[in-house]
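Before any comments, here is the structure.
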């Protein structure tokens, strides 16, 4: 009898605990919390997944959960058969898993979650690794400047950009700074950046960002501190290839770094933060600029070199490059270094519009000192569409001078323009509509297209390298030779009415001259074929 009373007493004591546990479980379910079979709550996905630091053999996958959890990425080359795994056993809310030993130029499907659960992963979660370093091919890189303001324009630009992309894969996209307004705080990153791009860009295309002034808390009392300490959400939210693992020279700094995509070398720079407590991008003795010189020295063999950062050296949009300190000093002190190394393209944001120069060099003064005869290497529009004076910009190994400058700062923000708009250095300027740029590189041909919020491509240009060649070929009588044009485009041969890039000839004359031109007669290769007996 006594034992029975003791048992009843224990059961009465346990009853409130059981009721409390059941109530807590019901509350978790009511709040949308998933539960493991053990009854423990599973993490919910708050951010991502998003892709970072892609190479030919690796990639970093990141995501955020609402509670501490372990990390697992399942992946494979066939959807529905994710037979490979990469884990991190640490309990974290910021999940960062590196996948290694991947195959070059291969499409992988993936899912993210914990050891027991999957938070996201279907046929739309995939990425494509890069080719082996230096390989030529067709590469697409998106360019978004000043995007994160949670506006109608931001969504329209996003939608039209993805529509333009269609079923084609984009190897990467880059950010030109001011990625989350107003002050680059983490909550603003969530609402103005990650939530906007999570469904159509972040989970498929690897991202390489650069910081802007708003990412550094652009208010007087905190910006100076943030510039020195880097204690801002930007540096917590993104993974950068600081050790040179994606190509280029190790920077050992998340503020600036370099990477390769095929035969293209990129430099992502920081135009607002400080190094060693004082040096900025325009301080040529600072650590960043010294690293830039070292990196460019080591990458002279790359097919194309593209540099990007936030503050433009030339603009008359929402900012004035004749009056604002960062812009003036970058133009006066810094860009001459990049021009000396033959950098092909410079991309900036900050000014909330689109502006694009011709192939130019040597302009370091105010707008009024720009001389189109002196400073433009080419007077062409480079639209390459058959219109008057629209042939591509041409560079070659023997004369690699000239840079095209682009301001693309209207992927979210749209701003006014200065009285002297457009800037004299620019061929095309537009602040009436927002847009983002698409960089398309195929071997020795580079195209940039400005895709607007209404889907119209309002500006573009084409640049080529090492074309207009003259080649002598010697063949034995009765044998054939394959002739291949040095350029990418449409072809008109004067032999056999061919339109392919390569043709096979079996010449009978002792000496013959065969010419191939592009469709607009802008580019021409000449082959002198000599037959020996």
For residue 198, work out the one condition from (1) within 25 Å of residue 346 (Cα to Cα); (2) surrounded by fewer than 24 Cβ atoms within 10 Å (Cβ to Cβ); (3) at pLDDT 95 or above it doesn't fulfil.
(1)
Members of the stretch 136-159 found to be crowded, with 17+ Cβ neighbours inside 10 Å and either in contact with a strand residue (DSSP E or B) (Cβ under 6 Å, 6 or more places away or on another chain) or not assigned by TED's automatic domain parsing to the domain that holds residue 209 (or both), listed by number
139, 140, 141, 142, 143, 144, 145, 157
Among residues of the stretch 422-451, those that are closer than 18 Å to residue 311 by Cβ and either within 15 Å of the chain's Cα centre (by Cα) or in a loop (DSSP other than H, G, I, E, B) (or both), counted
4
Criterion: free of Cβ contacts under 8 Å to residues at least 24 places away in the same chain, closer than 26 Å to residue 400 by Cα and surrounded by 16 or more Cβ atoms within 10 Å (Cβ to Cβ) - qualifying residue of 244, 262, 286, 248
244
Whether any residue in the stretch 144-156 is in a strand (DSSP E or B), closer than 15 Å to residue 453 by Cα and touching a residue at least 12 places away in the same chain (Cβ under 8 Å) is what I want to check.
yes
When you scan the stretch 358-377, do you find a residue that is in a loop (DSSP other than H, G, I, E, B), touching a strand residue (DSSP E or B) at 6+ places or on another chain (Cβ under 7 Å), crowded, with 21+ Cβ neighbours inside 10 Å and modelled with pLDDT of 95 or more, even just one?
yes
Among the residues that make up the stretch 212-225, is at least one of them touching a strand residue (DSSP E or B) at 6+ places or on another chain (Cβ under 9 Å), surrounded by fewer than 20 Cβ atoms within 10 Å (Cβ to Cβ), at negative phi and at pLDDT 95 or above?
no
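The values are calculated or read from the model by the stated rules, or taken from the named source; none is laboratory data. Note that the structure is a prediction, hence the values are computed from the model and not measured. Neighbour counts are summed over all protein chains in view; Cβ atoms, including those assigned to glycine, are modelled from backbone coordinates with ideal geometry.
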